[in-house]
2 protein chains.
Amino acid sequence: MTILKYEKKVLSENDRLAAEVRREMTDRGILCLNLVSSPGSGKTSLLERTLGALGKELRMGLIAGDVQTENDADRLRAAGGTMVRPIVTGGACHLDARMIIEALKKLSLDGLDLLFIENVGNLVCPSSYDLGEEMKVVLISTTEGDDKPLKYPGMFRRSSLMVVNKIDLLGHSEFQLARVKENARAINGDLETIELSCRTGEGARRWYDWLRQRVSHKRA
Amino acid sequence: MTILKYEKKVLSENDRLAAEVRREMTDRGILCLNLVSSPGSGKTSLLERTLGALGKELRMGLIAGDVQTENDADRLRAAGGTMVRPIVTGGACHLDARMIIEALKKLSLDGLDLLFIENVGNLVCPSSYDLGEEMKVVLISTTEGDDKPLKYPGMFRRSSLMVVNKIDLLGHSEFQLARVKENARAINGDLETIELSCRTGEGARRWYDWLRQRVSHKRA
């Protein structure tokens with residue numbers, strides 16, 4: 001019981017800080033997306049592609065969270081990211097709003113269109129922590145099971161978009177696109193879906209258009 | 001600070017219960033393995049194969065943990081598992097020793113050779129919770145990144161065996177076997193490795209032999 005009370009206190013403090021982040025993003029007209037998934041679903045690959053395709057069109061900031069190493073941040077810099085901040089959680093299984101506030105201090109937000117937050121690879125814990133994002137984008141890859149939305153409902157319920165990655169590997173497992181969508185809809189009727197392959201680029205245009213549309217909506 | 005204190009209290013209570021489980025397993029000569037991985041690395045598939053191959057030779061109990069649904073337990077029953085107990089954590093990101101003690105009450109342990117505990121798909125939190133197992137077995141699949149041991153060191157440090165699954169998909173991504181082994185060894189010099197494909201069965205014999213050897217060692 002006492003533990004529950006402390007957990008609530010931690011979460012409400014997090015909500016207060018997340019509201020601060022959200023206010024700043026709104027004031028500056030920056031679209032902030034929180035990317036969540038299992039380890040290895042392709043969050044960093046998706047951001048690499050996005051930097052390559054939209055890097056000249058949109059100004060993107062990137063916060064890359066990892067339990068250990070700055071590997072993801074290094075990959076994003078190599079892919080052309082000029083505004084990249086790593087967060088090494090040192091064991092923690094999720095990012096929280098305080099970490100974002102600290103990271104934002106070291107990131108120039110002037111003229112930014114988009115801020116991507118790449119969360120720790122974990123389908124459970126990050127779902128409980130609001131980071132001040134406008135939306136959560138959940139990635140799932142075709143090499144995982146298509147029942148993931150049912151097994152990790154919290155994350156799929158709190159996300160606005162599901163990106164199904166690695167469609168180039170469809171047919172190499174029992175994973176079925178129709179089934180993952182059906183399972184996702186059962187959890188969250190409003191969840192949009194985009195299917196793509198970060199490896200081949202197939203389907204990526206819909207993701208870019210989705211981003212463009214959200215950014216222009218934010219500016220309006 | 002207060003939170004840290006409560007976390008320590010929770011963990012030490014967990015250690016006490018885990019020691020109870022461990023004692024019972026030792027007394028009964030049961031090899032208890034805690035299977036951990038990202039969601040979708042193939043824990044359930046590995047157990048399905050193992051039931052099919054060794055079901056007549058070894059008596060296996062299976063505890064299948066999931067955040068939501070009993071899908072994994074259902075799959076294990078369909079694969080011939082006669083002693084299967086699901087644990088639905090209802091949101092929690094890991095199994096703990098208390099859950100195992102409750103599940104064991106409903107499982108007949110008489111004559112059991114092996115008890116598999118399939119943890120929640122999560123490379124972070126389950127690493128902190130001792131379940132009374134003899135060893136942790138960590139799965140990683142070739143469709144994830146080969147830098148996972150570096151990014152989630154806690155789990156790879158606390159595991160005794162790394163099973164690299166989906167070797168039938170090698171070459172479909174940048175994943176390199178040599179690199180994942182090198183990264184794993186950098187974290188844990190004692191970590192054994194077995195490479196296999198749960199889909200095709202390639203390499204599975206080494207896993208079966210590994211299990212047989214450990215079981216007979218336990219009996220001796």
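The values are calculated or read from the model by the stated rules, or taken from the named source; none is laboratory data. These figures come from a predicted structure and were not determined experimentally. Note that each Cβ is placed from the backbone with ideal geometry, even for glycine, and that neighbours are counted across all protein chains shown.
Some observations on this one:
- Residue match in the range B:56-64 (condition: in a helix (DSSP H, G or I) and within 18 Å of the chain's Cα centre (by Cα)): no
- On inspection, B:R199 fails the criterion of being among the basic types (K, R), closer than 29 Å to A:G171 by Cα and assigned to a helix (DSSP H, G or I).
- Condition check for B:L139: in contact (Cβ under 8 Å) with a residue 24 or more places away in the chain, touching a strand residue (DSSP E or B) at 6+ places or on another chain (Cβ under 8 Å) and either more than 19 Å from B:G40 (Cα to Cα) or within 14 Å of another protein chain (Cβ to nearest Cβ) (or both): yes
- Within the range A:162-183, not a single residue is under 22 Å from B:I87 (Cβ atoms), among the hydrophobic types (A, V, I, L, M, F, W, C), touching a Ser or Thr at 6+ places or on another chain (Cβ under 6 Å) and in a helix (DSSP H, G or I).
- Checking A:L104, A:L114, A:L109, A:L95 one by one, the residue that is of a type in the set (A, V, I, L, M) and buried (at least 24 other Cβ atoms within 10 Å of the Cβ) is A:L95 and no other.
- The one condition in (1) on the phi < 0 side of the Ramachandran plot; (2) within 17 Å of the chain's Cα centre (by Cα); (3) more than 14 Å from every other protein chain (Cβ to nearest Cβ) that A:G132 fails to fulfil: (1)
- Pick from the range A:151-173, criterion farther than 14 Å from A:W207 by Cβ and more than 11 Å from every other protein chain (Cβ to nearest Cβ), ranking: surrounded by the fewest Cβ atoms within 10 Å (Cβ to Cβ): A:G171
- Subset of the range B:112-129 [within 12 Å of chain A (Cβ to nearest Cβ) and either of a type in the set (V, I, T) or under 16 Å from B:E182 (Cα atoms) (or both)]: B:V120, B:V124
- None of A:S45, A:S41, A:S37, A:S108 is of a type outside the set (D, E) and touching a Ser or Thr at 6+ places or on another chain (Cβ under 7 Å) except A:S41.
- Residue within the range A:88-97 that is more than 14 Å from chain B (Cβ to nearest Cβ) and either closer than 25 Å to A:F175 by Cβ or in contact (Cβ under 8 Å) with a residue 24 or more places away in the chain (or both) present: yes
- Apart from one condition, B:S127 fits all of (1) farther than 28 Å from B:S12 by Cβ; (2) part of a helix (DSSP H, G or I); (3) within 16 Å of the chain's Cα centre (by Cα); the exception is (1).
- Where A:A178 falls short, out of the listed (1) surrounded by fewer than 17 Cβ atoms within 10 Å (Cβ to Cβ); (2) over 23 Å from A:R205 (Cα atoms): (2)
- Residue within the range A:183-203 that is among the small types (G, A, S), closer than 19 Å to A:L114 by Cβ and either over 19 Å from the mean Cα position of the chain (by Cα) or crowded, with 20+ Cβ neighbours inside 10 Å (or both) present: no
- Among residues of the range B:14-41, those that are in contact with a helix residue (DSSP H, G or I) (Cβ under 9 Å, 6 or more places away or on another chain) and part of a loop (DSSP other than H, G, I, E, B), counted: 6
- Residue selected from the range A:22-81 under the condition without any contact (Cβ under 8 Å) to a residue 40 or more places away in the chain and of a type in the set (G, A, S), by the criterion nearest to the other protein chains (Cβ to nearest Cβ): A:A73
- Candidates B:I117, B:I140, B:I87 - the one that is at pLDDT 95 or above and within 15 Å of A:Y152 (Cα to Cα): B:I87
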